[in-house]
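This report concerns only the one structure given below.
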Amino acid sequence: MADTVLYEVSDGLATITLNRPEAMNALNVATKVALRDAAQEAAADTAVRAILLTAAGERAFCVGQDLKEHIGLLVTAREAGGGQVMSTVREHYNPIARALVEAPKPVVAAVNGVAAGAGFGFALAADYRVVAETASFNTSFAGVALTADSGISWTLPRVIGPGRATDLLLFPRNISAQEALELGIANRVVSPDALRSEGEAVARMLAEGPTVAYAALKESVAYGLTHSFSETLEKEDELQARAGASEDHAIAVQAFVNKEKPKYLGR
């Protein structure tokens, strides 16, 4: 894995850190490949019970596509008479967003600075966002004559509603941490100094929780947003059967009876 993305697993928590602070964690090809591989590995690893996505440095979480590299690719494609310049969406952005959104475990994003374009998209792909007071968000796409990617046309309307999402996509602007909290983009806003510890504390709490139930909750919410009430009731029945058969459920019930704190196994 490239050193532009750091990957570590400890006590059931996989920490993925974007590590190009000198470039505001912009996504060049090497970084996109490494982020894709890390996200897919964390999502598939049964020993990983929660994922923390964060970034090095203070200025930026991720400003999206590395436009300095991108302009070179555009020139090369033009000289070659065309080409799939935006194949990065299919090859990188889609697999990254899919791995985070569909991971059968909670994903926490600790947003330390600017999250723009695909950086905003990947933050939204997380289930919970801890945000530094100095952070900001910007859709950015229309500002460089592009449409939405990184799953943001699916995640943003679900977080803030279609009207507000369309506004922010058509008229990109900086959204402060406080406004992000009011809109529901941020779940928790903390001081920059406390961001890493707070984000890790949330992720570790989830990593110690009932993983099967968390996975079912993620699936249930996503399903309910696009299906009828009747269909959702059927899905809840299916998922509750799965959760009820888990070892964690038995542990939780026994701990409740014994008036003890449950120690979940994640299965």
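The values are calculated or read from the model by the stated rules, or taken from the named source; none is laboratory data. Not measured: the values here are computed from a predicted model. When we count neighbours, we look across all protein chains shown, and the Cβ atoms used for this are built from the backbone with ideal geometry, even at glycine.
Structure notes:
- Test: residue in the range 215-223 that is closer than 23 Å to Ser10 by Cβ, within 25 Å of the chain's Cα centre (by Cα) and not assigned by TED's automatic domain parsing to the domain that holds Leu13: yes
- Verdict on Glu231 being over 30 Å from Glu58 (Cα atoms) and over 20 Å from the mean Cα position of the chain (by Cα): yes
- Here the strands (runs of 3 or more DSSP E) wholly within the range 121-207 that include at least 2 residues being surrounded by 21 or more Cβ atoms within 10 Å (Cβ to Cβ) are 128-132, 136-138.
- Among the residues of the range 115-149, those that are under 22 Å from Val89 (Cβ atoms), in contact (Cβ under 8 Å) with a residue 60 or more places away in the chain and within 15 Å of the chain's Cα centre (by Cα) comprise Ala118, Gly119, Phe122, Ala123, Leu124, Ala126, Asp149.
- Here Glu41 meets each of (1) more than 15 Å from the chain's Cα centre (by Cα); (2) not in a strand (DSSP E or B) with one exception, condition (1).
- Residue in the range 208-221 that is touching a Ser or Thr at 6+ places or on another chain (Cβ under 6 Å) and closer than 18 Å to Ala43 by Cβ present: yes
- Residues satisfying the stated conditions in the range 6-30, i.e. closer than 20 Å to Glu69 by Cβ and in contact with a strand residue (DSSP E or B) (Cβ under 6 Å, 6 or more places away or on another chain): Leu18, Asn19, Met24, Asn25, Leu27
- Of the criteria (1) in contact with a Gly (Cβ under 7 Å, 6 or more places away or on another chain); (2) within 18 Å of Gly12 (Cα to Cα); (3) at pLDDT 95 or above, which one Gly266 fails: (3)
- The set of residues from the range 240-267 being of a type in the set (A, V, I, L, M, F, W, C), over 16 Å from Glu219 (Cβ atoms) and surrounded by 10 or more Cβ atoms within 10 Å (Cβ to Cβ) comprises Ala250, Ile251, Ala252, Val253, Ala255, Phe256, Leu265.
- Enumeration of residues in the range 106-120 that are of a type outside the set (Gly, Ala, Ser) and not in a loop (DSSP other than H, G, I, E, B): Val107, Val108, Val111, Val114, Phe120
- Consider the range 1-18 and keep the residues that are of a type in the set (S, T, N, Q) and under 16 Å from the mean Cα position of the chain (by Cα). The one that is surrounded by the fewest Cβ atoms within 10 Å (Cβ to Cβ) is Thr17.
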